[in-house]
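Enquirer: Once you've had a glance at the structure underneath, I'll fire off some questions.
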Amino acid sequence: MMNSKLLFQALIKFVSGLAAISLLLLLPAGTFQFWNAWLLIGILFIPMFLLGIILFLKAPKLLTKRLNTKEKETEQVQVVSLSLVMFLAGFVVAGLDFRFGWSHLPLWLVILASIFLLVAYGSYAEVMRENMYLSRTVEVQENQQVIDTGLYGVVRHPMYSATVVLFLSMPVILGSVPAFFIFLIYPFLLVKRIKNEEMVLEQELKGYKEYKRKVKYRLIPFIW
């Protein structure tokens, strides 16, 4: 019964996300011939579908956590809300860009951005393999332990590092310079999120202060 409910919830999230992004891109573009949009949808949602199947079969508890997006921290609610506005604006602008021909990015750059997105998605999947406590909300779970191996030995928030590459690749794949500048807001929102998240982890997760001394960089090695 529980697995059936989880499967239904995951499918609803997947289909609604696919429909939302498709509409946000294709309606402003005014055509189904926005090939960059179809490229992004393919390389974004096909791996997402495959990863969802793996989580459902191998780690249903982790999938349940990933589907929960309701933040408890007020500051995190603000970050999530601003991120949503950024995505809406970025996708709509990319569609309008295609319609009116504001940008003309070379094909090789679009292909390179696609490769970066897939690599980032692979890193994202690896982080989930390493950390079974990887909730989408800022919280400390029962029996949670500090993970300091693999990518967590490089930066303290490797999932966020992966999402920076992933999200900044999107507007390039869509061929839109104005949308890229909109998506550049994301790293700054992450800084706000990480500072609040680390405050919570320091207070509630045993060993996190020691982990901070061991792994100095939060998001980007040798920078921050």
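Enquirer: Take the alpha carbon gyration tensor of segment 153-224, find the square roots of its eigenvalues, order them as a ≥ b ≥ c, and report rounded if a/c is under 1.5; if not, report prolate when a/b exceeds b/c, else oblate.
Expert: Working: a/c = 3.38, a/b = 2.35, b/c = 1.44.
Note, shape of segment 153-224 comes out prolate.
Enquirer: Additional query: Summing -39500 (n - 2.57) over the DSSP H runs of n ≥ 4 in the chain and dividing by its residue number, what mean residue ellipticity at 222 nm do you reach, to the nearest 500 deg cm²/dmol?
Expert: It lands at -24500 deg cm²/dmol.
Enquirer: In terms of the Cα gyration tensor, with a ≥ b ≥ c the square roots of its eigenvalues, is segment 1-58 rounded because a/c is under 1.5, prolate because a/b exceeds b/c, or oblate? Don't skip to the end; give the middle numbers.
Expert: On the way: a/c = 5.60, a/b = 2.17, b/c = 2.58.
Oblate, because a/c is 1.5 or more while a/b does not exceed b/c.
Enquirer: In percent, what relative contact order does the chain have, based on Cα pairs under 8 Å that are 6 or more apart in sequence? Write down the numbers at each step before the final one.
Expert: Working: 244 pairs, mean separation 59.9, N = 224.
Answer for the chain is 27 percent.
Enquirer: What does the highest-first list of 49-55, 35-41 look like by mean Cβ count within 10 Å? All intermediate terms of the calculation are to be shown ahead of the outcome.
Expert: Values: 49-55: 15.6, 35-41: 19.6.
Packing proxy ranking, top to bottom: 35-41, 49-55.
Enquirer: Follow-up question, since we're still on this one. How would you order 111-120, 94-103 from highest to lowest mean count of nearby Cβ atoms within 10 Å?
Expert: With the highest mean Cβ count within 10 Å placed first, the list reads 94-103, 111-120.
Enquirer: I need the shape label for segment 93-213. Rule: rounded when a/c is under 1.5, else prolate if a/b > b/c, else oblate, with a, b, c from the alpha carbon gyration tensor.
Expert: On the way: a/c = 3.31, a/b = 2.23, b/c = 1.48.
Taking the square roots of the gyration eigenvalues as a ≥ b ≥ c, segment 93-213 is prolate.
Enquirer: Under DSSP H, which helices of the chain have Cα atoms covering 15 Å or more of the helix axis and a Kyte-Doolittle average no less than 1.0? Before the final figure, lay out the partial values.
Expert: On the way: long enough: 2-29 (40 Å, 1.53); 35-58 (34 Å, 2.07); 74-100 (39 Å, 1.31); 107-130 (35 Å, 1.40); 158-173 (22 Å, 1.64); 185-204 (29 Å, -0.14).
Those that clear 15 Å and a mean of 1.0 are 2-29, 35-58, 74-100, 107-130, 158-173.
Enquirer: Next question, about the same structure. Just checking my list (1) 50, 37, 33; (2) 93, 59, 49; (3) 54, 47, 31 against Cα extents along the principal axes in Å computed from this structure; which label fits?
Expert: Here Cα extents along the principal axes in Å agrees with entry (3).
No value in this document is a laboratory result; all are computed from the given coordinates. On a predicted model such as this, the values are computed, not experimentally measured, just so you know. No Cβ is skipped: glycine too gets one built from the backbone with ideal geometry, and neighbour counts run over all protein chains shown.
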